Every structure is written in structure tokens, then in C-alpha cells.
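For reference, the structure discussed in these notes is given below.
What follows is calculated from the coordinates using simple rules that are stated; it is not laboratory data. Here the structure is a predicted model, which means the values were calculated and not measured. Positions of Cβ are generated from backbone atoms using ideal geometry, with glycine treated the same way; all protein chains shown enter the neighbour counts.
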Amino acid sequence: MKQMRLFHCIIILFTLQSVCLSGKNMISLFVRPFPRKKEVTFEKLLAKTQMHGKISYKILKETLRKHTHSGVLASYFGYVTPSNFNGQIVFPRKHQKDLVKLLITPMVTPIMMIGATVHHWESLPSLPARLYVVERKQDEATQEYYWNAQEEQIPENKHISIETIVLFADPKNILVPTGVTLTAKSPHLILPDIYVRKNTNIAVEALRVLKIKHFFMPVLSSTKKQNEIYYSRQW
């Protein structure tokens, strides 16, 4: 219970620093519970109701199992946010290409550029990691838009761009369906759903991210006056 209280405090902390997305292009995806088929019989239900003092524990355990898709931490372009109660992860869109790289790993290490500025991330050789590329394309015959998701090899130098969405989890507990998924033309990137297994310990993953939380900060922009009618945005 202490671990879960600490986990909820961490999630509140990350949620409070989330950016307001009103009027901005965004990247969004949903983390869904891993589909499973389970037969429930009258005998099993009756046995559960006769556990007396253990009923509250069973209710709490079942509630947490059903919502393992909420509280999954992810980062992108300096932002870090948890999936909400519905499993949705939202970031402001900061790159132009209709292509998103998704890295699933428990931890990354920052590679510094100047002062406290992170140039890129690197995956740790001692930890499991899987990289996916999700690209929006248009079919020439039907003119329909679709996502094409494929797994990609981790670069030999372990270099991970800050434009990559990093999902802090063990890859064996996350399912990213590969192949084609229909979508629509939009300035937003609404990625295909991914799935999380019930045995994912999101509290442990959140505690790991605390070690590098101080490196996360949205990239700020300012406007520079070039002449009387033209201003340029500086990053």
C-alpha cells in the first residue's frame, strides 16, 4: 500500500506539469488492457463471496488490474506525462513528419549538450528495449490514409532522438500491433492503440523515471523581430 500511495503522488506530480493543449496540434495514443478471455462460472463467483475478510483485498486487486493502462509514463520532446484513467497519452506535436518512433524500455540515460540541455537519449544495454516506427501514408488507389507500424532495430550507438516517444515499461509487457491501421488526414497524429499486460508493475516503472525527471522540460520558444512586418520564432 505504501508503494501505491507513493505511485499516486508521482502520477499527480507528472500530471501537474502537463502542458495545456488547447488549440495546438497534438500526438495522441491509447494504452489498452491486453485482451483476454476468461470463463466465469457460478461456482467461482460463489467461492469469492465466501472469502469474508479477503473480499476487500480482492476488490482492490481487481480494480488495480483493470486499470493497469492508466499511469503508464511516457516522454516526448522534453515532456513527460502519464496515461490518464482512460489510458490516453497526449503530447503537443513538435515535429513535421507524419512519422513517429516509439521506444519501449524501462529506462534511458540522457546525453548532455550544453549545461543542463539534453542532446539525445541512449538506451541502456543492460535493459530490454524495442523500437517501432509508425508512419502515416496515403494509398494511391483509394486515396485513404493509414498507419504502417513496423519494428526497427535499435541503433548500434543506442542513440535515441528526443522526437522519439519513450514508453517507460518492460517491452515484454507491452504489445504494439504491427501492420496497417486505417486513419484520416489530420494535423494531429492519432496513433494506433497499444496494449499492456496485467502483470505490468507501473509503480516500479514510475519510481525509475524519478531518477531522470529533472532532465525533462518543455523546449521554450521566443519571437525575434527581423523587420517591421516579419518575426521569426527562435527555439
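The residues neighbouring Ala184, those whose beta-carbon lies less than 11 Å from its own, together hold a net charge of +1 under the Lys/Arg +1, Asp/Glu -1 convention. Kindly state, to the nearest 0.05, the FRET efficiency for Lys97 paired with Lys172, given R0 = 41 Å and r defined as their beta-carbon distance. After rounding, the FRET efficiency stands at 0.90. The modelled label-to-label distance between Glu144 and Lys158, using points 7 Å beyond Cα along the C-beta direction, is 4.2 nm. Checking every one of the GluC sites (Glu not before Pro) in the stretch 92-143 against DSSP loop status and a limit of 15 other Cβ atoms within 10 Å picks out Glu140. Checking every one of the trypsin sites (Lys or Arg not before Pro) in the stretch 85-150 against DSSP loop status and a limit of 13 other Cβ atoms within 10 Å picks out Lys97.
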